[in-house]
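The values are calculated or read from the model by the stated rules, or taken from the named source; none is laboratory data. Given the structure is predicted, the values throughout are model-derived calculations rather than measurements. Here the Cβ positions follow ideal geometry from the backbone for every residue, glycine too, while neighbour counts run over all protein chains shown.
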Amino acid sequence: MANDIVKPENLVYSRTKVLTDATMHYCPGCGHGTTHRIVAEVIEELGIQGTTVGVAPVGCSVLAYNYFDVDFQEAAHGRAPALATAIKRLNPDLNVFTYQGDGDLAAIGTAETVHAANRGENITMVFVNNGIYGMTGGQMAPTTLVGMKSATTPYGRCVERNGYPLRITEMLATLPGTYYVTRQSVHTPAAVRKAKAAIKQAFLNQQNKKGLSFVEIVSNCNSGWKMTPVQANKWMEENMFPNYPIGDIKVDGKIAEGIDINRLVVDHPLSVVNK
Amino acid sequence: MAKELQLMKGNEAIARAMIASGCDGYFGYPITPQSEVMETLMAEKPWETTGMTVLQAESEMASINMVYGGAATGKKVATSSSSPGISLMQEGLTYLAGAEIPCLIVNVMRGGPGLGTIQPSQSDYFQSVKGGGHGDYQLYTLAPASVQEMYDFVFDAWDIAFKYRNPVLILSDGAIGQCMEKLYTRDFTPRWTEEERRKNAPWGTWGKPATRGHNIITSLELDSAKQEIFNHKLQAKYAEMKEKEVRYEMLNCEDADYIIVAYGSSSRIAMKAMQMAREKGIKVGLFRLITLFPFPTKQLNELSKKVKGMLCVEMSAGQMIEDVRIATECNIPVEHFGRFGGIIPTPGEVLEALENKIVK
Amino acid sequence: MAFKGQIVVDTERCKGCGVCVQHCPKQVIALSKNVNGKGYNYLETVNEDCIGCASCAIVCPDGVISVYKVKC
């Protein structure tokens, strides 16, 4: 009976052709894979495979160019927004997106990120925040939570030594050059649908020449966090989300309804992770 | 703008040559003594005429990475800076060389190390031709000695850059950048059309048509065996440059007993020193390097078999001299004379050094 | 209106992360006791209650699930 259903005309979901056949190198359950897939699905749905250029970072997603079947450049660590700036300015008809992790975007590449946003570059930036340096073995990231253990904060991040987790997304929302700033996740089907809609909006904004659109994906790092993928997603909900609240922060160039940007940037209480 | 005679600063010549040679984009950051490059571009507003993009970046790191992004789409993209700024660009330069991206970088050298001075110097020779950044790579390096060459070498740079898929460095200095001289401008070369870009840069990331696979610009290879093969490919490219693209100028070398070897500003001072020596009856010739990489090893070696000694004149503590000594294989004495930290030597000092160190 | 679904899993690509399992509203899927060529306990269906909602496929980091669906 089941075999009667598996027919081309009944297909409702399959891997997008904008992803290559290469098996991704990400750890089992890693949000990078899901994020790649929904970016690729958006490119397919908008019919822009032939006019899209991506910029990969240094970090876990350094090999992103192998997985997207679109033209791609691999940037030096943190410099993706600079590359994207020039690609877009010299080729205004291309759809340009960067794909970066938290170390790349919010530590070594902070200047490039802030200035691309401040110039209002008409690009789409996808920012995957898992609060840790995954590729180099789980060291502290700018986004590592207070009290969170990492390879370089083995007793937990302490404010006195390491400062505060950087909420760069809220920071960027305060800049007049950003048009759309949102924070999403990809750990449940509902979250994936919302994140995909946000990424689609970010590409549409670019097509409508609205300025910079920035989509943060709060994600997991089960290897770095030393948990199973399912545990990691639960831990993320309990610890990452209170510090990195999910939802739109800036829409159509205005701070989103219900968001007090001052509270988020300055006063939002930092919760300490559950031990 | 047709070919005409003008009076112009070296830095301005660089900017005007970029516009005239069909450059698609310039990304830079101000630093003395090269700031007139971007100032000229911004004043000229080429985006209204040729369509060239000009952007002031937030740093030299951003500038060179904007060059990477833009040039990787197969367009003619340039930046310029001076020594400390060029140091900041070294990461980008090794990525550009590793990803084989044609582009143009101009260094208007000033005295170092560190923040140093803002006066002319030639102490970035090692940085320019011995790596600068990490890995086995070379930049095709042109050393202009006049405002005219500042202008002309921009045109030459695009030809070499795209022929070899390699970054080209114009290594100038604060004297050439700041001095005003007469200059013959050239006819405009239009920017490439979309068709020309796709034809000249089939490897570029200009959007994947259904007819080809996706183009990837990267300098990363996790398989060391493949990386070694790639390095061999780069070395073969550099060997071909050494074979075909060496440029130099020889003055009065036919009957010379002694040779002054110099490039850029130093070669102009050396020319005067050569004349002064000849007036005293010392047969001196001038070997002026135009390309620093590829280095005229063969030519200097042949010359070393005919003369009694060579004096290397550089505004540095002695950098180019190492390559001259390698080239001349200890056939003859090769000595260095240099002022540095921003001091320009006088012809008299050069002549004195020649007499004391070489002629004896 | 009721739907009947069926998933096809690219078992060789599946990394057995198990993220999909908890999101299946009908408890149709589970990780196999068997492993694929890379040693992962791949995804398999354990009953025929699939409604073709595609929740598993949407949340799959490696895009290994295709979903088929018919009205019934």
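Remarks
- One residue stands out among those in the stretch A:63-104 that are of a type in the set (Val, Ile, Thr) and more than 8 Å from chain B (Cβ to nearest Cβ): the one that is nearest to the chain's Cα centre (by Cα), which is A:Thr98.
- Sub-6 Å Cβ pairs linking a first residue in the stretch A:169-195 that is free of Cβ contacts under 8 Å to residues at least 24 places away in the same chain to a second residue that is of a type in the set (Gly, Ala, Ser) and assigned to a helix (DSSP H, G or I), at least 6 apart or interchain, are A:Pro189/C:Ser55, ordered by first then second residue.
- One residue alone among B:Glu302, B:Glu322 is acidic (Asp, Glu) and in contact with a helix residue (DSSP H, G or I) (Cβ under 9 Å, 6 or more places away or on another chain), and that residue is B:Glu322.
- Residues being at the interface with chain A (Cβ under 10 Å from one of its Cβ atoms), touching a residue at least 40 places away in the same chain (Cβ under 8 Å) and of a type in the set (Val, Ile, Thr) - total across the stretch B:29-68: 2
- Qualifying positions in the stretch B:168-201 - touching a residue at least 24 places away in the same chain (Cβ under 8 Å) and within 14 Å of chain A (Cβ to nearest Cβ): B:Arg191, B:Trp192, B:Arg197, B:Arg198, B:Ala201
- Some residue of the stretch C:9-21 being more than 10 Å from chain A (Cβ to nearest Cβ) and either over 11 Å from the mean Cα position of the chain (by Cα) or buried (at least 16 other Cβ atoms within 10 Å of the Cβ) (or both): yes
- Residue list for the stretch A:182-198, filter: within 14 Å of chain C (Cβ to nearest Cβ) and part of a helix (DSSP H, G or I): A:Pro189, A:Ala190, A:Ala191, A:Val192, A:Arg193, A:Lys194, A:Ala195, A:Lys196, A:Ala197
Yes or no, residue by residue, for (1) within 7 Å of another protein chain (Cβ to nearest Cβ); (2) surrounded by fewer than 24 Cβ atoms within 10 Å (Cβ to Cβ); (3) within 30 Å of B:Gln90 (Cβ to Cβ); (4) β-branched (Val, Ile, Thr):
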site: A:Lys17; (1), (2), (3), (4): no, yes, no, no
site: A:Ala22; (1), (2), (3), (4): no, yes, no, no
site: A:Thr34; (1), (2), (3), (4): yes, no, no, yes
site: A:Gln49; (1), (2), (3), (4): yes, yes, no, no
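- Among the residues of the stretch C:1-42, just one is of a type in the set (Phe, Trp, Tyr) and part of a loop (DSSP other than H, G, I, E, B), namely C:Tyr40.
- Hey, B:Ala71 surrounded by 22 or more Cβ atoms within 10 Å (Cβ to Cβ), within 14 Å of another protein chain (Cβ to nearest Cβ) and either in contact with a Leu (Cβ under 8 Å, 6 or more places away or on another chain) or of a type in the set (Asp, Glu) (or both) or not: yes
- Which listed residue is within 30 Å of A:Glu45 (Cα to Cα) and either buried (at least 23 other Cβ atoms within 10 Å of the Cβ) or more than 14 Å from chain B (Cβ to nearest Cβ) (or both), from A:Asn129, A:Asn118: A:Asn129
- Looking only at the stretch A:245-275, and only at residues there that are modelled with pLDDT of 90 or more, outside any loop (DSSP other than H, G, I, E, B) and among the β-branched types (Val, Ile, Thr), the one that is nearest to A:Gly211 (Cα to Cα): A:Val251
- Some residue of the stretch A:22-31 being within 25 Å of A:Leu145 (Cβ to Cβ) and either within 13 Å of the chain's Cα centre (by Cα) or part of a helix (DSSP H, G or I) (or both): yes
- Residues in the stretch A:109-125 that are in a strand (DSSP E or B) and among the hydroxyl-bearing types (Ser, Thr, Tyr): A:Thr124 only.
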